[in-house]
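Chemist: I have a structure here, written as structure tokens, and I will follow up with some questions on it.
Each value in this text was obtained by applying a stated rule to the coordinates, not by laboratory testing. Computed from a prediction, not measured in an experiment: that's the story for all the values here. Quick reminder, even Gly has a Cβ in these numbers, built from the backbone with ideal geometry, and neighbours come from all protein chains shown.
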């Protein structure tokens with residue numbers, strides 16, 4: 001474990017915003033908030049409230065009145081296939097463009113969001129044939145893309161608009177209507193500024209779904225919805241609760257856990273009926289890994305196992321046959337010393353040999369998606385302008401086209 005001097009050095013070290021952007025955690029998250037891209041402060045809109053995230057990573061929820069789920073209507077800012085194709089080609093094909101997010105469908109259609117550092121607009125490149133042909137869309141502000149059957153869901157960063165995008169170039173605005181109901185087979189959960197919804201990608205129709213109040217983030221993986229809520233009471237005590245639903249939001253269960261002030265957590269995506277896992281990162285500096293919490297599938301409370309290795313940071317996580325894998329770095333005095341995929345081994349990290357070290361072992365690699373697929377999780381890693389996919393949970397990797 002680190003001594004007091006090392007902890008002070010960690011707290012004093014503040015990485016640049018470019019590093020935070022490039023190495024930020026981009027595992028598929030159905031975020032219940034909208035993150036503004038500024039270095040000092042990020043504002044997140046959440047279900048039933050507003051939560052401020054300060055530069056140190058702390059969460060300061062502020063109450064706000066609930067808002068009824070609206071029925072979206074098109075606006076002048078609808079992203080459509082560009083009339084000035086050359087401008088959009090220049091954005092997507094810019095040598096300095098980075099992969100912001102990506103998703104791949106079961107039939108291998110691919111959607112990649114590209115952005116040039118310092119520019120607000122994002123370019124979405126979709127293809128069903130490995131980019132022999134492609135369809136491009138321009139988003140006024142960055143967003144998120146999620147695989148949805150044979151198509152994709154695209155949501156803007158304000159979380160006020162969502163569309164179903166097809167590999168054939170089709171683009172349909174999602175319309176929300178009807179009463180709350182659980183997520184059913186074929187529907188894709190998506191968090192909006194007004195609440196959690198379930199989208200039928202075949203029709204672009206959606207309905208509200210019950211979700212916990214004051215949820216900071218909502219994830220969906222393998223039939224399980226998860227959320228973390230943080231409440232600060234009148235005495236200043238922080239109460240953090242992990243909540244989950246294995247029945248599409250028909251019912252929710254919860255379990256509390258302790259964490260240091262200003263620290264963060266990473267909910268590892270696990271399927272319904274399997275154990276729950278959360279990684280805790282300490283506050284200060286690069287937010288190093290501190291411990292891992294595990295809980296049986298049926299609940300009953302978390303068991304904490306402390307991390308007892310050299311300073312490590314993680315940018316994403318997934319589970320493979322009951323084992324926890326992290327994409328992360330072991331650190332030297334001021335920079336990553338060794339990067340790669342690590343297996344959690346009861347308090348220590350073991351480097352997993354990689355078939356594509358240029359992807360997994362690069363210190364600027366970012367986990368952009370973990371999808372529940374037959375045979376294990378399909379994992380996408382971006383390294384600046386390159387995209388790599390593993391269909392066996394990280395045992396082997398292949399580079400795939402993204403534009």
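Chemist: Applying 1/(1 + (r/R0)^6) with R0 = 35 Å to the Cβ-Cβ distance of residue 202 and residue 251, what FRET efficiency is obtained, to the nearest 0.05?
Modeler: 0.85
Chemist: So how far apart, in nm, are the two label points at residue 363 and residue 306 if each is 7 Å from Cα heading toward Cβ?
Modeler: Using points 7 Å along Cα→Cβ, the separation is 2.8 nm.
Chemist: According to a simple spin-label model (label point 7 Å from Cα along Cα-to-Cβ), what is the distance in nm between residue 158 and residue 132?
Modeler: My value for the distance between the label points is 4.0 nm.
Chemist: Students often check this: by mean Cβ neighbours within 10 Å, which of 197-204, 260-267 ranks highest, and how do the rest follow? Working shown, then result.
Modeler: Details: 197-204: 19.8, 260-267: 17.8.
Peptide ranking by packing, descending: 197-204, 260-267.
Chemist: Could you list 126, 141, 324 so that the one with the fewest beta carbons within 10 Å of its beta carbon is first and the one with the most is last?
Modeler: Ascending Cβ contact count within 10 Å gives the list 141, 324, 126.
Chemist: What's the ranking of 147-154, 230-237, 247-254, 346-353 by average number of surrounding C-beta atoms within 10 Å, highest first?
Modeler: My ranking of the peptides, most packed first, is 147-154, 247-254, 346-353, 230-237.
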